[in-house]
Amino acid sequence: MTRIGIILGSTRPNRNGEQVARWVLDIASRREDAEYEIVDLRDYPLPHLDEAIPASAGQYQNDHTKEWAAKIASYDGYVFVTPEYNHSTSGVLKNAIDYLYAEWNNKAAGVVSYGGVGGARAAEHLRLILGELQIADVRQQVAISILNEFENFSVFKPTPFLVDALNTLLDQVVAWSNALETVRKPAATVA
């Protein structure tokens, strides 16, 4: 079964992203095309990148890096839930991404963003990062306005339009994750 990690890209107190990630999981759990799980960065308290060797070498020294690598490697694709901070994604999400390399390669991802303009600028920055890591980002994006989709800027109240957009995103992430499966397998095992 295809496994999709829903990566919650904020660790702030009272973060809105937790409601969004739980909503993504709720909608995704109604589907039968993949297994979905939230990956909360609070559960992986990575310090600022502290590996001496670049991630592309795959020679991790720290236990926290090895644990993070095993978690990310276990998925076939991802849905990134990102806030928009200062026209970009969160620092904690960027740091978590930078820790690894091969674990991300040849997988698919979609972006669910939230912020003043739906987190659009965070999503665009994130797409550039994902491309460098050989992650195929899908076209569909779910852009959630903090002004219109959150009551008092804090209680998430998604519209039916967002549910439709999310289902399209999940369709694309699963399809691309499955299509990239042969690329992820070692060449010797591909017939």
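The values are calculated or read from the model by the stated rules, or taken from the named source; none is laboratory data. Computed from a prediction, not measured in an experiment: that's the story for all the values here. Heads up, the Cβs are rebuilt from the backbone with ideal geometry, glycines too, and the neighbour counts pull from every protein chain shown.
Consider the stretch 56-104 and keep the residues that are among the charged types (D, E, K, R) and part of a loop (DSSP other than H, G, I, E, B). The one that is nearest to Leu130 (Cα to Cα) is Glu103. Out of all the residues in the stretch 133-140, is one or more assigned to a helix (DSSP H, G or I), under 18 Å from Leu169 (Cα atoms) and of a type in the set (Lys, Arg)? Within the stretch 133-140, not a single residue is assigned to a helix (DSSP H, G or I), under 18 Å from Leu169 (Cα atoms) and of a type in the set (Lys, Arg).
Closer than 18 Å to Val39 by Cβ and surrounded by fewer than 16 Cβ atoms within 10 Å (Cβ to Cβ): does that describe Asn152? Judged against the criteria, Asn152 is not a match. Whenever a residue of the stretch 37-60 is within 14 Å of Ser90 (Cα to Cα), its partners that are part of a strand (DSSP E or B) and of a type in the set (A, V, I, L, M), lying with C-beta atoms within less than 9 angstrom and at least six residues away or across chains, give the pairs Asp40/Ile7; Asp40/Leu8; Leu41/Ile7; Leu41/Leu8; Arg42/Leu8. Scoring Val117 on the criteria (1) farther than 22 Å from Thr2 by Cβ; (2) of a type in the set (Val, Ile, Thr); (3) assigned to a helix (DSSP H, G or I) leaves a single failure, condition (3). Annotation: of all residues in the stretch 150-188 being of a type in the set (Asp, Glu) and within 23 Å of Gly119 (Cβ to Cβ), the one that is modelled with the lowest pLDDT is Glu151.
Only one entry of Gly5, Gly77, Gly58 meets the criterion of being over 14 Å from the mean Cα position of the chain (by Cα) and under 24 Å from Glu181 (Cα atoms), and that entry is Gly58. If you go through the stretch 110-132 and pick out every residue that is out of contact with any Leu (no Cβ under 8 Å at 6 or more places or on another chain) and surrounded by fewer than 20 Cβ atoms within 10 Å (Cβ to Cβ), you end up with 10.
Pairing residues of the stretch 120-148 that are within 18 Å of Arg184 (Cβ to Cβ) and modelled with pLDDT of 95 or more with residues that are among the β-branched types (Val, Ile, Thr) and outside any helix (DSSP H, G or I), at Cβ distances under 8 Å and at least 6 apart in sequence or on separate chains, gives Asp137/Val111.
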